[in-house]
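For reference, the structure discussed in these notes is given below.
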């Protein structure tokens, strides 16, 4: 009994030490769970847990958590508004329906073969496509007579590609100032799905007013077969409408766009999200616009005009020659004549006289020489 009584103080001391160590460990775990990590000591600080660093205050510390596990805190990000879907009927909404693919090869492309000869009368209104578009896009149109209101002789165009005003006059050397552009170039159409269209459908594409614009000749030449990724009109104010027309044409004929082309189109339309899809406009004949080409805008000749040769002055006729020209009849040698002694002249100018010789019953025209 006495031995067991003496061991009790040692046991109590051990229990006290264990409790002290366990208490320190629990406190450390609690700090780790709450997220109040001890800041590293920096110059000017004492390194005491909870001490402010770099001017931070205790109020900026996160509140203690009572969860039993550490949850990583995500970095705050700026809120982003959900992008609204493009409105129906807009070019942007139509763009989202177009497939995105790479360019097909040019193999087999021949403009007059795969798209038909230029400017056919596809709509069968009795007039070729070029004149249809000129009448639609020009102002102050003058129509050639006896063409049933078809052929445009003159007019005025403000080119949508540049904003330049052009006086159009039909003629060699002047007609090319105004050209008809395929908004979706035929080569580009061929490389973006037109190869799979029927011949009839391709000819419709080549002559569709939706895909045609009267523009200045220089812009048309610069564009070539480019799409929206490689060429846009110099007139920035027209770019939304231009891209909308390309999208509308490609959607109508089930053509695709390249990735770069789609990016370029979307970039342009981002400034005009409500730009509607394009329409073809109205094609009408103009029989009431017949008239002469205004003299101030007549087409200059491509070849130097010939200077009319000076007429040599005609000598005034003498009285005798005047008498012959006015009085002497043209006669045929040997023909019967009357009265005897009358004068005449042959078609070759030989002087003749109406004479009666012995044995003749009647006078005849004979040489007066």
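Return the residues of segment 107-123 that are in a loop (DSSP other than H, G, I, E, B) and loosely packed, with under 11 Cβ neighbours inside 10 Å; say none if nothing qualifies. Residues satisfying the conditions are 107, 108, 110, 117. Considered as a group, the residues in segment 81-103 that are surrounded by fewer than 16 Cβ atoms within 10 Å (Cβ to Cβ) and under 25 Å from residue 188 (Cα atoms) include one that is modelled with the lowest pLDDT, and that residue is 89. Selection over segment 131-185 of residues that are surrounded by fewer than 18 Cβ atoms within 10 Å (Cβ to Cβ) and outside any strand (DSSP E or B) gives a count of 13. Only one of the listed residues (229, 234, 214) is within 20 Å of residue 262 (Cβ to Cβ), assigned by TED's automatic domain parsing to the domain that holds residue 106 and modelled with pLDDT of 95 or more. That residue is 229. Only residues that are on the phi > 0 side of the Ramachandran plot and within 21 Å of the chain's Cα centre (by Cα): list them for segment 100-145, please. Residues satisfying the conditions are 116, 119.
The values are calculated or read from the model by the stated rules, or taken from the named source; none is laboratory data. Remember, it's a predicted structure, so these values are computed and weren't measured experimentally. All Cβ positions, even for glycine, are placed from backbone atoms using ideal geometry, and neighbour counts span all protein chains on display.
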